[in-house]
1. For the structure I just gave you, tell me whether residue 335 is part of a strand (DSSP E or B), out of contact with any Gly (no Cβ under 9 Å at 6 or more places or on another chain) and either open to solvent by 70 Å² or more (accessible area, probe 1.4 Å) or of a type in the set (Val, Ile, Thr) (or both).
2. Would you be able to say whether some residue in the range 314-331 is of a type in the set (Gly, Ala, Ser), within 22 Å of residue 387 (Cα to Cα), assigned to a loop (DSSP other than H, G, I, E, B) and open to solvent by less than 30 Å² (accessible area, probe 1.4 Å)?
3. Kindly list the number of the only condition in (1) closer than 19 Å to residue 407 by Cα; (2) among the basic types (Lys, Arg); (3) assigned to a loop (DSSP other than H, G, I, E, B) that fails for residue 284.
4. Of all residues in the range 263-278 being within 20 Å of residue 396 (Cβ to Cβ) and either modelled with pLDDT under 95 or not aromatic (Phe, Trp, Tyr) (or both), which is surrounded by the fewest Cβ atoms within 10 Å (Cβ to Cβ)?
5. Quick test for you: out of 298, 287, pick the one residue that is open to solvent by less than 60 Å² (accessible area, probe 1.4 Å), without any contact (Cβ under 8 Å) to a residue 60 or more places away in the chain and in contact with an Asp or Glu (Cβ under 7 Å, 6 or more places away or on another chain).
6. I'd like to know if the range 56-63 contains one or more residues that are touching a Leu at 6+ places or on another chain (Cβ under 7 Å), buried (at least 23 other Cβ atoms within 10 Å of the Cβ) and in a loop (DSSP other than H, G, I, E, B).
7. Does the range 217-239 include one or more residues that are closer than 25 Å to residue 47 by Cα, in a loop (DSSP other than H, G, I, E, B), of a type in the set (Asp, Glu) and modelled with pLDDT of 95 or more?
8. So which residues in the range 302-325 are without any contact (Cβ under 8 Å) to a residue 40 or more places away in the chain and among the charged types (D, E, K, R), if there are any at all?
Amino acid sequence: MNFSRRNLLWLTAVVLPLAFTACKKDKNDTPVSESATITVENVLNSQPLVESGTFKGTGTPPVILPGQSVSIQFSAAKGEAISFATMYGWSNDLFFAPANPGILVYDATGNPIEGDVSSQVKLWDNGTRINQVPGATVNHPGVADNQNIVEVNGTDAQGNTYLPASSLVKATLKYNGNSAFTLTLENTSGGTANETPLSPGVWSVSYIVGGQLLNAAPLYTAGKPTANGLTGIAESGDNTVLSAYISSITGIFTPLSPILVVVYNGIDNPIYKTGETDRGEGLKLIAQQGNADVLAAALKTKAGVKAVYVLAAATSKVLLPVINGAAGSSVSQAITVTQGDRIAIATMYGFSNDWFFASSGNGVDATQKGDISTSIALYDDGTAISQFPGAGITQFNLAGTPLAESKAIAAVPNPNEFTTLPAIQNFIRVTIK
């Protein structure tokens with residue numbers, strides 16, 4: 001294509017000013033600062049039960065006959081308890097269960113309890129059928145009743161007699177180490193006046209938060225009507241409905257510690273690097289205790305670090321998750337950034353030994369806007385032996401003392417040796433506006 005001299009002059013007059021305008025920054029040729037706000041939210045839809053499950057016999061039907069036993073594997077922190085429910089098979093609507101909140105597995109000093117805990121097993125009347133003389137000839141399902149759940153202590157409302165539950169079901173605890181236990185239930189009713197099979201059952205362990213169990217009565221409440229499918233177990237030994245219910249309220253609960261935010265330029269992520277051990281600058285305190293102050297102070301002395309913030313929730317300091325539909329906690333911080341700045345965060349997975357959420361790699365462009373949650377990952381600091389999250393006797397936020405180890409910082413696998421976690425974006429949301 002041929003251009004005349006006139007055409008060339010015209011193009012020069014139009015294009016060159018545009019080129020100079022695009023390269024212009026300011027009179028001093030320095031990057032222009034801009035204001036933004038970073039917001040971090042705990043968006044976890046938390047659940048009250050840390051673990052739950054079912055048990056059954058090995059035969060057909062899968063009942064536990066006299067002389068047979070079943071075992072339940074679980075983890076627990078100090079103050080947490082295991083509860084279970086199984087039908088007194090040769091009855092109209094009786095079931096065995098410990099009194100709420102269940103069988104405590106540590107003593108007051110935090111030592112694991114082992115051995116025979118049968119004295120904590122009780123016999124209960126579901127209140128939905130009028131009792132008959134217990135035995136193999138009981139008429140299922142019997143006559144309907146409309147009463148509250150009550151303990152059967154020697155005799156029931158119809159005058160039928162029963163041996164103590166501890167004479168019919170033997171419960172034994174064994175500590176397996178690292179906050180893991182085995183509860184064995186043995187049917188010892190054989191040859192007694194109350195001989196009976198035990199039905200398939202359910203079991204559960206509730207989270208403890210601030211010294212209080214989130215659900216201290218997950219399977220039944222004495223003095224209240226039966227609910228959530230317990231009748232299926234008590235009347236016919238069918239654990240499917242109650243199992244589905246407890247499964248629906250079993251999952252993850254964790255707060256997030258005060259959020260460390262750092263803005264930097266010209267350097268790698270100053271908080272951590274995978275494959276390296278903890279630098280001893282304060283990340284360990286975030287990962288184990290949720291204390292960001294020491295690392296914040298250290299970062300402020302580093303070349304390339306432009307700003308450091310520690311964002312704590314107004315009331316509890318920690319960011320609580322979504323509880324019973326109520327929104328989780330959030331924190332925000334106004335920041336000033338320029339082209340080339342990076343931003344990274346770190347916060348403790350509160351109910352862990354040394355796990356922390358942090359910006360992956362070299363953080364993100366601090367000038368970008370929108371949801372940057374996909375840049376967050378979950379890491380193991382490698383400074384404390386891990387346990388089941390929310391059910392570990394040495395987890396700092398569950399009144400424990402972490403047990404030291406020395407490993408390189410690495411991403412937490414999902415699923416891991418303890419549990420399957422929600423996606424990271426279902427824990428934490430980070431946005432820049």
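The values are calculated or read from the model by the stated rules, or taken from the named source; none is laboratory data. Here the structure is a predicted model, which is why all the values come from computation and not from measurement. Because the Cβ atoms are built from the backbone with ideal geometry, glycine has one as well, and the counts that use them run over all protein chains shown. With ligands, DNA and RNA removed, areas are computed over all heavy atoms of the protein, side chains included. Shrake-Rupley method; radii C 1.70, N 1.55, O 1.52, S 1.80 Å.
1. Considered against the rule, which asks whether it is part of a strand (DSSP E or B), out of contact with any Gly (no Cβ under 9 Å at 6 or more places or on another chain) and either open to solvent by 70 Å² or more (accessible area, probe 1.4 Å) or of a type in the set (Val, Ile, Thr) (or both), residue 335 comes out as yes.
2. We begin by selecting, within the range 314-331, every residue of a type in the set (Gly, Ala, Ser); these are 314, 316, 325-330.
Filter again for within 22 Å of residue 387 (Cα to Cα), leaving none.
Looking for residues that are of a type in the set (Gly, Ala, Ser), within 22 Å of residue 387 (Cα to Cα), assigned to a loop (DSSP other than H, G, I, E, B) and open to solvent by less than 30 Å² (accessible area, probe 1.4 Å), one finds none in the range 314-331, hence no.
3. (3)
4. 277
5. Working: 287 fails: without any contact (Cβ under 8 Å) to a residue 60 or more places away in the chain.
Result: 298 is the single residue among 298, 287 that is open to solvent by less than 60 Å² (accessible area, probe 1.4 Å), without any contact (Cβ under 8 Å) to a residue 60 or more places away in the chain and in contact with an Asp or Glu (Cβ under 7 Å, 6 or more places away or on another chain).
6. So far as the range 56-63 goes, no, none of its residues is touching a Leu at 6+ places or on another chain (Cβ under 7 Å), buried (at least 23 other Cβ atoms within 10 Å of the Cβ) and in a loop (DSSP other than H, G, I, E, B).
7. yes
8. 302
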